[in-house]
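All of the numbers you see were taken from the coordinates with simple rules; none came from a lab. Being a predicted model, the structure only gives us computed values, none of them experimental. Glycine also receives a Cβ, built like all others from the backbone with ideal geometry; neighbour counts cover every protein chain displayed.
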Amino acid sequence: MVYYLGEELIETSAYEAASSKKGAVFIINEEECAATLASLGISFERDYKISDVYFCKAEAQQDCIFGTLLIPKLRELLGSRYRLMFFITLNDIVIVDDDGFAMRILKRILRRKIHQGESKAKFMYNFITEFMTKDSELLEKFEHRLMNMEEEAVHNIDAEFQIDLLHNRKQLLTLRGYYDQMSELGKILEEDENHFFTKSQTKYFGTLSDRAERLVGKTVHLIDYAQQVKDIYQSNVSAKQNANMQFLTIISTIFFPLTLITSWYGMNFRNMPELGHGYPYVILLSVSVLIICILIFKKKKLL
């Protein structure tokens, strides 16, 4: 799909856009990449492989600004991601995508935006902000989820709780890395080493970078919050373990004198005066020791 840049994006053909001096946006797949770049006079020495996209980045080339986008899917942050490449020249923008994601974003821009792409900078701003528009809402959901888990951590020592908390933390770490890369990408585009944009246009990329940095800050806060929830959970587990150990220690302490008594009277010495009627005396002595120990621990509030 090819659209002329302007206040309103107007669909055209690749041939007309390539032969015209008007700026255009080309959304193509990997197979069409080499021919499209050649028709626009862009020389690019690297391979055109979407599968080699592992970061969000941008770098200035001699004829263009080359960039890649690795965008997490909000419904499965730890799963597969959308992979895109883009090329920005003096007049045109080429977006390479094999998943149809870029086309869905473009249709949203056509449906929602008033100023759709009067410049390359404005279009890139609209394009990137459109797939980042729900990120703040996503982080809010993470915050509410962690608040609920914080309350649950006081009472729950189930292993599944710890697994769920670890899963949430991994997702937040994934988002933090993604937002860091988007912030750096915005800064590189704002530097405009190729002088493809006017000074008034580069402010869009500064705004993108600021938004990504705010998302980084929010994500870092949630990662710290998740660590606090983990600490609360660990404290609860330790407290319950200590309570169990204290109870076992008290039980051992109570029955230790009884063990001593039974060991003593189990010797059966011939001249022991209690041998005749010792059994009732031993029972009475054991019960008395048991009651005294329990009263002592009750007084000290250990039972």
Q) What is the magnitude of the charge dipole of the stretch 1-55 about its Cα centre, with +1 placed on the Cβ of each Lys and Arg, -1 on the Cβ of each Asp and Glu, and no other charges, expressed in debye to the nearest 20? A) 200 debye
**Q.** the chain: antiparallel DSSP beta bridges as a percent of all, rounded to 5
**A.** 85 percent
Q) Karplus couplings for the stretch 108-119 from phi (6.51 cos²θ - 1.76 cosθ + 1.60, θ = phi - 60°), rounded to Hz, Gly and Pro as x? A) 5, 4, 4, 7, 10, 8, 7, 9, 7, x, 5, 8
Q | Cross-link pairs beyond the 22 Å C-alpha cut-off, checked among Lys22/Lys120; Lys73/Lys134; Lys21/Lys203; Lys113/Lys218; Lys73/Lys141 | A | Lys21/Lys203; Lys113/Lys218
(Q) Taking a cut-off of 17 Å, what percent of all Cα-Cα pairs in the stretch 176-242 are separated by more than that? (A) 57 percent
Q | Cα-Cα pairs of the chain separated by more than 31 Å (percent) | A | 52 percent
Q. Tell me, what is the percent relative contact order of the chain, built from C-alpha pairs under 8 Å that lie six or more residues apart?
A. 15 percent
Q.
Within the stretch 100-137, list the residues whose amide N lies under 15 Å from a label point set 7 Å along Cα→Cβ of Ile10.
A. 116-119
**Q.** Bins of 10 Å from zero: percent of alpha-carbon pairs in the stretch 1-114
**A.** 13, 45, 33, 8, 0
Q) What are the residues whose amide H is under 5 Å from the amide H of Thr12, where those residues sit 5 or more places off or on another chain and H is modelled from the backbone? A) Val2, Tyr3, Tyr4
Q: Evaluate E = 1/(1 + (r/R0)^6) for Ser20 and Lys57, where r is the Cβ-Cβ distance and R0 equals 35 Å; express this FRET efficiency to the nearest 0.05.
A: 0.70
Q.
If I model a spin label as a point 7 Å beyond the Cα along the Cα-Cβ vector, how far apart are those points for Ala239 and Asn148 in nm?
A. 2.3 nm
Q) ³J(HN,Hα) across the stretch 11-22 via Karplus (A = 6.51, B = -1.76, C = 1.60, θ = phi - 60°), whole Hz, x for Gly/Pro? A) 5, 8, 9, 5, 5, 5, 5, 5, 8, 8, 8, 6
Q | Where the Cα pairs of the stretch 27-77 fall when distances are cut into 5 Å bins, in % | A | 4, 16, 24, 28, 15, 7, 5, 2
Q) So what's the net charge close to Ser200: Lys and Arg +1, Asp and Glu -1, counting the other residues with Cβ under 14 Å from its Cβ? A) +1
Q | Stokes-Einstein D (µm²/s) once Rh is taken as the Kirkwood radius of the stretch 126-263 over alpha-carbon pairs, at 25 °C in 0.890 mPa s | A | 131 µm²/s
Q: State the Cα centre-to-centre distance between the stretch 180-223 and the stretch 107-148 in whole Å.
A: 14 Å
Q) Where does each of 77-84, 242-249 land if you order them by average Cβ count within 10 Å, highest first? A) 77-84, 242-249
Q. For Glu76 and Glu160 in the same chain, what is the full-extension length gain: residue separation times 0.36 nm, less their Cα-Cα distance, in nm?
A. 28.3 nm
Q | Using a Förster distance of 35 Å, the FRET efficiency for Ala35-Thr207 (Cβ separation, nearest 0.05) | A | 0.55
